[in-house]
Amino acid sequence: MEEVPHDCPGAGSAQAGRGTSCQGCPNQRLCASGAGATPDPAIEEIKEKMKTVKHKILVLSGKGGVGKSTFSAHLAHGLAEDENTQVALLDIDICGPSIPKIMGLEGEQVHQSGSGWSPVFLEDNLGVMSVGFLLSSPDDAVIWRGPKKNGMIKQFLRDVDWGEVDYLVVDTPPGTSDEHLSIVQYLAATRIDGAVIITTPQEVSLQDVRKEISFCRKVKLPIIGVVENMSSFVCPNCKKESQIFPPTTGGAEVMCQDLKTPLLGRVPLDPHIGKSCDRGQSFMIDAPDSPATLAYRSIIQRIREFCRLHQPKEEQLVGS
């Protein structure tokens, strides 16, 4: 469905498609027919499929280019360092899938099995799925409208044979659009642990993060916390710290205080992060002593702890 009026009565309402506010809405005919009130049968199918996935984490950003996919990849790498932890990384940035490149899986293809699509495995305990695996070339443009993107996300959640998974990390496109509404709608019945929101220190990024936080609250998506990426640059020679992107309004810390949202940590700039991503390697393995690696590990531990504390009580009892 397209954008709805602010005072929309809702597709399930008796006034759907008939109310005053419905006049001129692009969905008016659909709602009046009653089709909009019919629940998508895929929601129940996805709920059943996701029973084998313990924790679901969405990685969001208000603006593009702030390092969201890089963080998603390193979150998956970090969680999978424990060989007993099964991790899945799902890339739903349909029009700009960068996860295959960052994970060193460019050129890989998805295979069909009797139980559905098989993820591409980087390690025995780290599986990856992306629309990038379905393209004939990484340079191919994906020019899709909302309904087709929605269908692709539905297929990823319903038809991929993830198996028993401890953490599903979902890398989303920037903003609050079709992909975000779809993933929240489809996973709503499966209990999403929460969202990690990525930003950079400058106000032009923070103003979009405020919208992202507002989105999460409107759709009742828990917020695990905010990560301030590219927060500073530490010279590898003199060790002096510089602010490449000055936090003119106080950066993520002040914003998080104002909005009562946890700040998970700050990741400093390190040129080797980009190099590692271009080579499809884990930066945390390439540069284990880098301040950025230490920041990543601290943040990942906080996310792991959040998931542990917020899992259902019956799961806590089983795991204890």
Total formal charge among the other residues, if their Cβ is under 9 angstrom from that of Ser61, Lys/Arg +1 and Asp/Glu -1: 0
List Ile244, Ile143, Ile192, ordered by accessible area with a 1.4 Å probe, largest first: Ile143, Ile244, Ile192
Listed residues Lys211, Lys56 arranged by accessible area, highest first, probe 1.4 Å: Lys211, Lys56
Highest to lowest packing among 264-271, 134-141, scored as the average C-beta count within 10 Å: 264-271, 134-141
Relative contact order of region 161-235, defined on C-alpha pairs under 8 angstrom at six or more residues apart (%): 33
HN-Hα J in Hz across region 149-164 - Karplus 6.51, -1.76, 1.60, θ = phi - 60°, x for Gly and Pro: 4, 4, x, 5, 5, 4, 5, 4, 6, 8, 9, 7, 8, 6, x, 6
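Out of all DSSP beta bridges in the chain, what portion is antiparallel? Express it as a percent rounded to 5.
Numbers: 8 of 40 bridges.
Bridges in the chain that DSSP calls antiparallel: roughly 20 percent.
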Charge context of Leu263, other residues only, Cβ under 13 angstrom, K/R +1, D/E -1: 0
Filter on Lys63/Lys148; Lys49/Lys148; Lys154/Lys275; Lys154/Lys260; Lys47/Lys211 - keep pairs with C-alpha separation over 30 Å: Lys154/Lys275; Lys154/Lys260
Solvent exposure ordering (accessible area, 1.4 Å, most first) of Phe71, Phe121, Phe245: Phe121, Phe245, Phe71
Prolate/oblate/rounded label for the chain (Cα gyration tensor, a/c 1.5): prolate
Area accessible to solvent at Trp117, 1.4 Å probe radius, in Å²: 40
Computed [θ] at 222 nm, deg cm²/dmol, the chain (DSSP H ≥ 4; -39,500 (n - 2.57); rounded to nearest 500): -11000 deg cm²/dmol
Amide H within-cut-off set for Thr249, under 5 Å, with H built and near neighbours excluded: Glu203
Over the chain, relative contact order from alpha-carbon pairs under 8 Å, at least 6 apart, %: 20
Solvent-accessible area of Val165 with every protein chain in place, 1.4 Å probe, in Å² to the nearest 10: 10
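The values are calculated or read from the model by the stated rules, or taken from the named source; none is laboratory data. As the structure is a prediction and not an experimental result, all values here were calculated from the model. Backbone-built Cβ (ideal geometry, glycine too); neighbour counts: all protein chains shown. Note: areas computed on protein heavy atoms with side chains; ligands, DNA, RNA excluded. Shrake-Rupley method; radii C 1.70, N 1.55, O 1.52, S 1.80 Å.
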